[in-house]
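First up is the structure itself, then whatever we jot down about it.
The values are calculated or read from the model by the stated rules, or taken from the named source; none is laboratory data. Keep in mind the model is a prediction, meaning the values are calculated, not measured. In this analysis, Cβ positions are derived from the backbone assuming ideal geometry, glycine residues included, and neighbour counts consider all displayed protein chains. Protein only, heavy atoms only, side chains kept; ligands, DNA and RNA dropped before computing areas. Shrake-Rupley method; radii C 1.70, N 1.55, O 1.52, S 1.80 Å.
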Amino acid sequence: MSSAQRALETTPRGVAKWITVNTPDTKFKDEGEYRVTLLLKGKEADALKAKIDNAIKMAVVEAKANPDNAKHKKVIKPADAPYKADVDKEGNETGFTAFNFKAKASGVRKDKTEWTFKPRVFDVSALPIDLTKVQVWGGSEVKVSYEMSLYGVRNYSPKVGAGVSLKLAAVQILQLKTGTGKDASAFGFAAEEAPEGEEAPAHGTPSDNEEF
């Protein structure tokens, strides 16, 4: 794969530890960013890591071959990989690898025209999901369509290095995890019998309000 030869690829099925596809995250980028952190393990994780590592090596080779980087040729280094070992809240490794897929939500082209982007999201039957009606949360089982994009080949930065990013294109939701708010036990409630002669109220839908 060279920087001029890239195509969409699809990950194996995994769990989205973090997923932002309904609305872009603007916490770190004003232009907004869509993100998926996908957890994989075993042979599937190893295969994707190997593919990424090979792409990073290619980026370094192409950066060294680019005459525009002549002054950096002897010090060109590989950038950090877009994956790392997953850890729990206590900092212990879980056995999974976390792969980071990202895509900017907007920007400005060289000709000053503006552009916007939103990843396509499909259900288990490969039909489009209406994200105005469905909120996708972490814990959903998904596949990710992405593009490996080399960087540092042109305009090499010694601070960053030459590497590869996993550009998010689309997501297929295989098992949806939706936000349901905290359950009754979080507030100290447990199931009790209704008083004799009274019917228990019909079940409602828990609130998505997580402020308590």
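Would you pick out the residues in the range 119-156 that are among the polar types (S, T, N, Q) and within 19 Å of D53 (Cα to Cα)? Those that are among the polar types (S, T, N, Q) and within 19 Å of D53 (Cα to Cα): S145, S149. If you check M58 against the conditions, is it more than 30 Å from V134 (Cα to Cα), open to solvent by 50 Å² or more (accessible area, probe 1.4 Å) and modelled with pLDDT of 95 or more? So M58 fits the description; yes. Residue under question is A103, and the condition is that it be on the phi > 0 side of the Ramachandran plot and either open to solvent by 60 Å² or more (accessible area, probe 1.4 Å) or out of contact with any Gly (no Cβ under 6 Å at 6 or more places or on another chain) (or both); does it hold? No.
Per-residue answers, yes or no, for (1) under 18 Å from the mean Cα position of the chain (by Cα); (2) within 30 Å of I56 (Cβ to Cβ); (3) among the aliphatic types (A, V, I, L, M); (4) at pLDDT 95 or above:
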position: S140; (1), (2), (3), (4): yes, yes, no, yes
position: P158; (1), (2), (3), (4): no, yes, no, no
position: L168; (1), (2), (3), (4): yes, yes, yes, yes
position: K177; (1), (2), (3), (4): yes, no, no, no
position: E196; (1), (2), (3), (4): no, no, no, no
position: N209; (1), (2), (3), (4): no, no, no, no
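Conditions tested, residue by residue: (1) within 20 Å of N155 (Cα to Cα); (2) open to solvent by less than 40 Å² (accessible area, probe 1.4 Å).
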{"site": "I52", "(1), (2)": "no, yes"}
{"site": "A63", "(1), (2)": "yes, yes"}
{"site": "D68", "(1), (2)": "yes, no"}
{"site": "I76", "(1), (2)": "yes, yes"}
{"site": "F122", "(1), (2)": "no, no"}
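Quick grid of which residues meet (1) closer than 30 Å to K73 by Cβ; (2) open to solvent by less than 40 Å² (accessible area, probe 1.4 Å); (3) in contact with a Ser or Thr (Cβ under 7 Å, 6 or more places away or on another chain); (4) in contact (Cβ under 8 Å) with a residue 12 or more places away in the chain:
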{"residue": "A126", "(1), (2), (3), (4)": "no, no, no, yes"}
{"residue": "T132", "(1), (2), (3), (4)": "no, no, no, no"}
{"residue": "W137", "(1), (2), (3), (4)": "no, no, yes, yes"}
{"residue": "V144", "(1), (2), (3), (4)": "no, yes, yes, yes"}
{"residue": "S149", "(1), (2), (3), (4)": "yes, yes, yes, yes"}
{"residue": "K159", "(1), (2), (3), (4)": "yes, no, no, no"}
{"residue": "V164", "(1), (2), (3), (4)": "yes, yes, yes, yes"}
{"residue": "K167", "(1), (2), (3), (4)": "yes, no, yes, yes"}
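Would the range 99-118 turn up any residue that is in contact with a helix residue (DSSP H, G or I) (Cβ under 9 Å, 6 or more places away or on another chain), within 20 Å of W18 (Cβ to Cβ) and at pLDDT 85 or above? Scanning the range 99-118, I find at least one residue that is in contact with a helix residue (DSSP H, G or I) (Cβ under 9 Å, 6 or more places away or on another chain), within 20 Å of W18 (Cβ to Cβ) and at pLDDT 85 or above, so the answer is yes.
When A105, A59, A45 are screened for being under 18 Å from M148 (Cα atoms), small (G, A, S) and touching a Lys or Arg at 6+ places or on another chain (Cβ under 8 Å), only A105 passes.
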